[in-house]
1. So what's the angle, to the nearest 10 degrees on a 0 to 90 scale, between helix 144-158 and the longest Cα principal axis of the chain?
2. Helix 2-15 sits at what angle to the longest principal axis of the chain, using alpha carbons and giving 0 to 90 degrees rounded to 10?
3. Report the relative contact order of the stretch 124-205, percent, no decimals, based on alpha-carbon pairs under 8 angstrom and at least 6 residues apart.
4. Determine the share of the stretch 84-178's accessible area contributed by carbon and sulfur atoms, expressed in whole percent, with a 1.4 angstrom probe.
5. Normalising by the residue count of the chain, find the relative contact order in percent from Cα pairs under 8 Å and 6+ residues apart.
6. Need the list of aspartates and glutamates near residue 174 for cross-linking: C-alpha distance under 17 angstrom, and skip anything on the same chain fewer than eight residues off.
7. Would you check the accessible area of residue 172, probe 1.4 Å, heavy atoms only, in square angstrom rounded to 10?
8. Go through 205, 199 and list them by solvent-accessible area, largest first, probe radius 1.4 Å.
Amino acid sequence: MARKIFLLLLIFRIAFVFACDLPGHFDFEVSNDEKKVLYSGCYDAINKGPHIIIYILTKDRIESDSVKRPSARFTQNRDGGVLQDLLTENGYDLPHHNDYTNSGYDRGHMAPNADFNDTRENALATFFIANIWPQTPEVNRVTWLKTENTTRELAIEYFLIKVVIIVDVFSDKKVNDISVPLVFKRRVYDLHTEELIYEIDIYQE
């Protein structure tokens with residue numbers, strides 16, 4: 001079973017590589033100490049958040065013993081500082097944790113802590129400033145949370161799924177200089193067949 005999962009993940013790395021070729025957009029990935037990629041993405045340096053987040057979710061991870069949610073700040077270096085260096089070279093910068101403080105918006109994970117809480121190291125990796133967008137408390141704690149729970153149920157049912165989060169539509173509101181998304185798009189695929197098994201768009205005011 002472990003070998004089968006390894007081969008499927010290898011196929012994922014080959015078949016689902018995406019080009020992040022829009023102006024002001026940059027590829028990134030976040031790995032753990034074992035050099036396993038936890039999630040990857042395309043960072044939108046103009047609107048200051050992830051345009052796309054992609055990761056694999058397994059039944060084993062969901063059903064493993066979970067660690068307590070870390071009490072952690074969102075940092076710029078959960079990827080070892082690679083994205084920040086790339087942005088600096090191109091005249092951009094990552095936001096800071098405090099940019100969200102007292103804004104009225106939550107720091108909304110795209111790759112959620114609860115999908116990576118099989119170890120504390122993996123859970124901490126989701127507290128990356130490039131992994132969040134401003135979300136209203138209603139969206140973050142209720143509506144978007146429901147889509148995350150559905151995704152975890154699908155991981156148990158299908159054993160191995162690919163999760164894709166897309167943010168490409170914005171309101172005219174800002175949190176400091178961070179754009180506020182109008183729509184959060186979730187797409188979930190059965191990794192064995194590449195079939196789309198769940199699709200939902202969540203709108204926020």
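1. 20 degrees
2. In the chain, helix 2-15 runs at an angle near 40 degrees to the longest axis.
3. 28 percent
4. On the stretch 84-178, the fraction of accessible area on carbon and sulfur atoms equals 47 percent.
5. On the way: 382 pairs, mean separation 43.4, N = 205.
Answer for the chain is 21 percent.
6. Leaving aside aspartates and glutamates fewer than 8 places away in the same chain, those within reach of residue 174 are 44, 93, 99, 106, 205.
7. 140 Å²
8. 205, 199
The values are calculated or read from the model by the stated rules, or taken from the named source; none is laboratory data. Bear in mind the structure is a predicted one, so any value in this text is a computation, not a measurement. So basically every Cβ, Gly included, is an ideal-geometry build from the backbone, and we count neighbours across all protein chains shown. Keep in mind that these areas ignore ligands, DNA and RNA; they rest on the heavy atoms of the full protein, side chains included. Shrake-Rupley method; radii C 1.70, N 1.55, O 1.52, S 1.80 Å.
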